[in-house]
Amino acid sequence: QVQLVESGGGLVQAGGSLRLSCTASGLTFSRSTMGWFRQAPGKEREFVTRITWGGRNTYYADSVKGRFTISRDNAKNTAYLQMTSLMPEGTAVYYCAADPNGRVATARLLDPNWGQGPQVTVSS
C-alpha cells in the first residue's frame, strides 16, 4: 500500500518561504514520478510541479515558475517542494502525488497516489 506523508506546511507572510517534504513508502521511490498539486478554497485542485524518477526532468505551472523548486532524494524516499516569494494566492492545501509506474506527462501525473495535504497559508 502506497503511503505519502507530507510535512512542512504552516503560516507564512507574503514574500516568505516554506519547504514541504513528502516521504513515500509502499512503492519503488526511485522509479516513481513525483509531483505536487494544490487546492485553494472554493477551487479545483491544480497541478503545481512534477519531477521524473531520476530528477533530471521537471515541469512547473506558469504560476509558480521561478519561485518554486521541486527536488528529490531517492536515498531518503523523499520529495521536496521549496517555495519562495510566496503570495496570498498561494494559500491552499498542498498535495504530494506519486505515480509508481514512473510515467511522464507534461502537467499532470497519471493515476497518482495522494498524500493527505498540509495547509499552507500566506498572509498579506
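The values are calculated or read from the model by the stated rules, or taken from the named source; none is laboratory data. If you're wondering where the values come from, they're calculated on a predicted model, not measured in any experiment. A quick note on method: Cβ atoms are made from the backbone with ideal geometry, for glycine too, and the neighbour counts reach across all protein chains shown. What goes into the accessible areas is simple: the full protein's heavy atoms, side chains included, and nothing from ligands, DNA or RNA. Shrake-Rupley method; radii C 1.70, N 1.55, O 1.52, S 1.80 Å.
Taking 0.36 nm per residue of sequence separation and subtracting the Cα-Cα distance, how much length would be gained by fully extending the chain between Gln1 and Val104, in nm to one decimal? Numbers along the way, then the final one.
Details: separation 103, 0.36 × 103 = 37.08 nm, distance 2.17 nm.
Between Gln1 and Val104, full extension yields an extra 34.9 nm.
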| Candidates Ala98, Ala24, Ala61: whichever shows maximal mean-square fluctuation once the chain is modelled as a Gaussian network with Cα springs under 10 Å | Ala61
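If you roll a 1.4 Å probe over the chain with all protein chains in place, what percent of the accessible area is carbon or sulfur?
Carbon with sulfur: 45 percent of the solvent-accessible area.
Report the FRET efficiency, 1/(1 + (r/R0)^6), for Ser63 and Leu11, where r is their Cβ-Cβ distance and R0 is 22 Å, rounded to 0.05. Write down the numbers at each step before the final one.
On the way: r = 21 Å, r/R0 = 0.93.
Here the calculated transfer efficiency is 0.60.
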| request: Towards the positive end of the charge dipole of the chain, with charges on Cβ (+1 Lys, Arg; -1 Asp, Glu), say which of Phe47, Ser71, Ser85 has the farthest Cα. | output: Ser71
| Per-pair calculated FRET efficiency, R0 = 25 Å: Ser124 and Arg56 via Cβ, rounded to 0.05 | 0.10
| query | Along its principal axes, what span do the Cα atoms of the stretch 41-96 show, with the longest given first and each in whole Å? | reply | 36, 20, 15
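Which value in Å is the Kirkwood Rh of the chain over different Cα pairs? Don't jump to the answer; show the numbers that get you there.
Details: mean 1/r = 0.0707 Å⁻¹.
For the chain, the Kirkwood estimate is 14.1 Å.
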| For the stretch 11-118, size of Cβ-based charge dipole, Lys and Arg +1, Asp and Glu -1, in debye | 220
| query | By how many nm would the segment from Lys76 to Lys43 grow when fully extended, if each residue of separation counts as 0.36 nm and the alpha-carbon distance is taken off? | reply | 8.6 nm
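Counting heavy atoms of the protein chains only and a 1.4 Å probe, report the per residue accessible area for the chain as a whole number of Å². Walk me through the numbers on the way to the answer.
Numbers: 6370 Å² over 124 residues.
With the other protein chains kept in place, the chain gives 51 Å² per residue.
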| query | In whole percent, what relative contact order does the chain give with Cα contacts below 8 Å and a gap of six or more residues? | reply | 36
